[in-house]
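Please treat every number below as a calculation from the coordinates, not as lab data. This is a predicted model, so every value here is computed, not measured. Note: ideal-geometry Cβ built from the backbone for every residue, glycine included; neighbour counts use all protein chains shown.
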Amino acid sequence: MAKPGDPSGTSGQTAGKGTEAGSGTKPGAGNDGKTAGGGSATGGKSGDAVQVVAKPADIAVLVNKTYKLPDNFKPDDLVEPNIPFIFKEKSEKRLMRKEAAGALEKLVAAAKKDGISLAGVSGYRSQATQKTLFENYVKKDGEEAARKYSAVPGHSEHQTGLAMDVSGSDGKCAASDCFAGTKEAKWLAEHAAEHGFIIRYPKGKEETTGYQYEPWHLRFVGTKIAKDIADKGITLEEYMLNAVPVSK
Ligand SMILES: [Zn+2]
C-alpha cells in the first residue's frame with residue numbers, strides 16, 4: 001500500500017524502466033497524440049505489475065506505463081486556459097485543471113514578451129477518448145504493436161488534466177519531432193519551470209520515462225518541483241521514486 005504523503009501511490013519499483021517505448025519503434029512524427037502516458041508496464045517484460053495511483057488529483061501524480069489512474073478518473077476542476085489554440089473547435093482538448101491552466105496562461109504571456117508565440121495543441125483527454133484511440137490502433141496493428149506506441153486507457157498523462165502539448169502559434173510541427181530545436185522548444189526548455197511546468201519526456205531519458213523525447217509535452221507540477229527537476233536534470237519518475245522514502 002502507498003504511504004500517506006506518497007502522491008503516486010508507489011511501492012518502490014522503478015516506473016517505466018526498461019519498457020519497450022524507448023526502443024524507437026514508434027512512428028516518428030506526430031506521435032504524441034498516440035503515445036502520451038501510454039503503453040503498459042507489462043508490455044515489454046514481466047514483473048512490472050501495473051499499479052493504480054493512490055492520489056490521482058495530486059499535483060505531482062506520477063502516471064506512466066506502470067502507474068495508472070483509477071478507472072474513469074476525471075479531474076473536477078477542468079477549465080479552458082485563455083491562450084491561443086491551433087484548432088478552432090470546442091473540445092475537451094482545450095481543458096486543463098484550474099491551477100495548471102492559470103500557470104499556462106502566465107507561461108504563454110511570458111513567452112510572448114520574449115517574442116515567442118505559443119499555442120495549445122492538446123490538453124485534457126478523457127479515458128473514453130483514449131480508449132477509442134487505443135482500440136482503433138489495436139484494430140489496425142494488433143494489441144501487441146499498439147501498446148508500443150499508444151496509450152493504454154488510464155495510463156495517459158493527458159487524463160490528469162495537468163498536461164498540455166504546445167507548439168508555435170502557426171501549428172507547424174505540432175506534436176512532431178521537428179518541433180525539437182525550434183525557438184519555441186528552446187524557450188520552453190529554458191523557461192517552463194519558472195511557471196511550474198516540466199518537459200515531461202526529456203531527451204536521453206527514454207529508458208526512465210518510457211517515452212521518446214517530446215519537447216512539446218508540458219506537465220504541470222508546480223514551481224517548486226518543476227525547478228527542482230529542471231535544476232537536477234531529472235525526470236518526474238526520478239523525482240517521485242527517489243525523493244520519497246517508500247516502505248513496503
Ligand atoms: Zn502530450
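Side notes on the structure shown:
- Segment 158-218 shape via C-alpha gyration tensor axes, a/c threshold 1.5: rounded
- Burial order of peptide ranges 100-113, 191-204 (average beta-carbon count within 10 Å, highest first): 191-204, 100-113
- Cα convex hull of segment 20-243, projected area averaged across orientations, nm²: 11.2 nm²
- Contour excess over end-to-end distance, with Cα ends at LYS232 and VAL138 and 0.36 nm allotted per residue: 30.0 nm
- Segment 20-243: relative contact order in percent, alpha carbon pairs under 8 Å with at least 6 residues between: 25 percent
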